[in-house]
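Let me begin by presenting the structure, written as structure tokens, before commenting on it.
No lab work stands behind these numbers, since they all come straight from the coordinates. What you are looking at is a predicted structure, and each value in this text was computed from that prediction instead of being measured. Positions of Cβ are generated from backbone atoms using ideal geometry, with glycine treated the same way; all protein chains shown enter the neighbour counts.
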Amino acid sequence: MQDLPHRLPQERKVVTAIPGPRSQELDAARETELARALVPGLPAYITDGDGGVLVDVDGNSFIDFASGIAVTSVGASNARVSAAIADAASHLTHTCFLNAPYQGFIDISRKLNQLTPGTHAKKTALFSTGAEAIENAVKIARRYTGKNRVVVFDGAFHGRTNLTMTMTAKNKPYKAGFGTLAADIYRVPGSYPLRDGLDGKQAAAKTLRYIEQTVGVDELAAVVIEPIQGEGGFVEPAKGFLPALQEWCLDNQVVFVVDEIQAGICRTGAWFASEDEGIIPDLITTAKGVGGGMPLSAVTGRAEIMDAPTPGSLGGTYAGNPVACAAALAALEEMEEHDLAGRAREIEAIIREVLEPLTELGSVAEVRGRGAMIGIEFIDANGAPNADLTAKVAKTCRDAGVLVLTCGLDGNVIRLLPPLVINESTLRDGLDVLASAIRNA
């Protein structure tokens, strides 16, 4: 894997205990000044980042296997993106497109229409966050079909707003204590090959039977699914599952919405994870990596569906902010120039080379995923989810200067989301720390 030039040294360096003294001071201030709910997973406060590393206020340098949850795919301070942000901000920090429009909004929409799967006529609407994109995809589907019900899946994560936390599966910490949930959201079983033992055809038959029997087709507006689940545990459905769902939706006039907010934009080794099985969504949502670190999201889909809402019924004050649009165009240029989709496939090969042998330990049930979106599921001696071991491994990595995230409804999956621009030596160093932590745990 060819190394790319970076501003900061691409090395892991731990010079204090984690957290260091300055980070401890800042964390004490957090407890005083911030709402109790805002607790960082990494107690070290970051002051700089580039390529595959993050540097904290105490001078520790962490290998970044999180990418701001799949956002900084081109790095946390990519030179092209930073220059585009500075230039855009020097002219226009903000104007609402629906009040005073600008070209960048059109340019990034055109680019997404070109990149998303399918050759049909497409249109795009821009927003700020992933949750906004999901909410608007549901609004568009309901308006187009004249129906209200929405199907989501076991293990799904779609956001934290009232509608999207209803669509999200996990109760704590996302839904508990937050009052009445949104109506007409129906959860159905999906495909989890490690646990259900079903192939794609079998899992799809089970899912579709459940939808038909418990939700019904006549009132169903949309099926919303992640092609690879994120917070749910980096679960990749069995081959054939997604195509069967898409075909069923087409036959029953149901809008098929694919949530590519975490898996899309080169993360899984293609522009979109849907491409792996030739899926062509009716609507596709993007966010995270598309903005190059700036808040930007989108719904892109079939022109006739996207045009269902009346003029003025979609939008938002910050939707498609001009600086975010400039950053997104620069990030996509960086991905094209350096073939970051191909680089994601190289990252996957190295991750599997280092981690797949660990499945012989018995505590590692599976290494799964695609590209630079790989999960490691941990179990105990009885085959049950082992959240304690997972947390122990994550803490060991953190203390050694490697930032990893956990996920899964049972909290027993470590997810790897390294920047797509990470250098091979940095990647291998971080993986060696992770592998050692798993063996020693």
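Brief remarks follow.
- Overall size of region 368-441 from C-alpha positions, given as principal axis extents largest first: 38, 25, 14 Å.
- Cβ charges +1 (Lys, Arg) and -1 (Asp, Glu), total dipole of the chain, debye: 860
- Considering only alpha-carbon pairs that sit under 8 angstrom and 6 or more positions apart, the relative contact order computed for region 82-337 is 30 percent.
- Residues Trp248, Trp271 arranged by fewest to most Cβ contacts within 10 Å: Trp248, Trp271
- Cut-off 9 Å between beta-carbons: net charge of the residues surrounding Ile374, Lys and Arg +1, Asp and Glu -1: +3
- Label point distance in nm, Asn148-Gln202, each placed 7 Å from Cα along Cα→Cβ: 3.8
- Computed from the alpha carbon positions, the gyration tensor of region 1-131 leads to an equivalent ellipsoid with semi-axes of 35, 21, 15 Å, biggest first.
- Toward the positive end of the charge dipole of the chain, with +1 on the Cβ of Lys and Arg and -1 on the Cβ of Asp and Glu, the farthest Cα among Phe62, Ala328, Gly159 is that of Gly159.
- Rg to Rh quotient for the chain, alpha carbon positions, Kirkwood Rh: 0.96
- Inter-site label distance for Thr317 and Ala17 at 7 Å from Cα along Cβ, in nm: 4.4
- Protection proxy ranking, peptides 115-123, 87-95, 279-287, average beta carbon neighbours within 10 Å, highest first: 279-287, 115-123, 87-95
- When its C-alpha radius of gyration is set against 2.2 N^0.38 Å (N residues), region 39-94 gives a value of 1.30.
- For the chain, calculated [θ]222 nm from helices alone, where every DSSP H run of n ≥ 4 adds -39500 (n - 2.57): -11000 deg cm²/dmol
- Across Gly51, Gly316, Gly401, mean-square fluctuation computed from a Gaussian network of the chain (C-alpha pairs under 10 Å connected) peaks at Gly316.
- Under a 5 Å amide H cut-off, with hydrogens placed 1.01 Å from N, Val188 pairs with Val152, Phe153, Asp154 among residues at least 5 apart or on other chains.
- More than 19 angstrom apart: percent of Cα pairs within region 272-408: 68
- Cα coordinate range in region 88-220, projected on the principal axes (Å, largest first): 55, 42, 34
- Ranked by the mean number of other Cβ atoms within 10 Å of their residues, highest first, the peptides 54-64, 9-19, 179-189, 329-339 fall in the order 54-64, 329-339, 9-19, 179-189.
- Over 27 Å [Cα-Cα, region 82-337], rounded percent: 34
- Close amide-amide hydrogen proximity is noted between Asn423 and Gly52, each under 5 Å apart and 5 or more residues distant or on a separate chain (H modeled in the peptide plane; Pro and chain starts excluded).
- Farthest toward positive dipole pole in the chain [+1 Lys/Arg, -1 Asp/Glu at C-beta], among Ile46, Ala83, Ala384: Ala384
- Sorted fewest first by neighbouring Cβ atoms within 10 angstrom, Glu231, Glu356 come out as Glu356, Glu231.
- Charged side chains reduced to their Cβ positions (Lys and Arg at +1, Asp and Glu at -1) give region 82-337 a dipole of some 700 debye around its Cα centre.
- Neighbour counts of other Cβ atoms within 10 Å put Ser67, Ser436 in the fewest-to-most order Ser436, Ser67.
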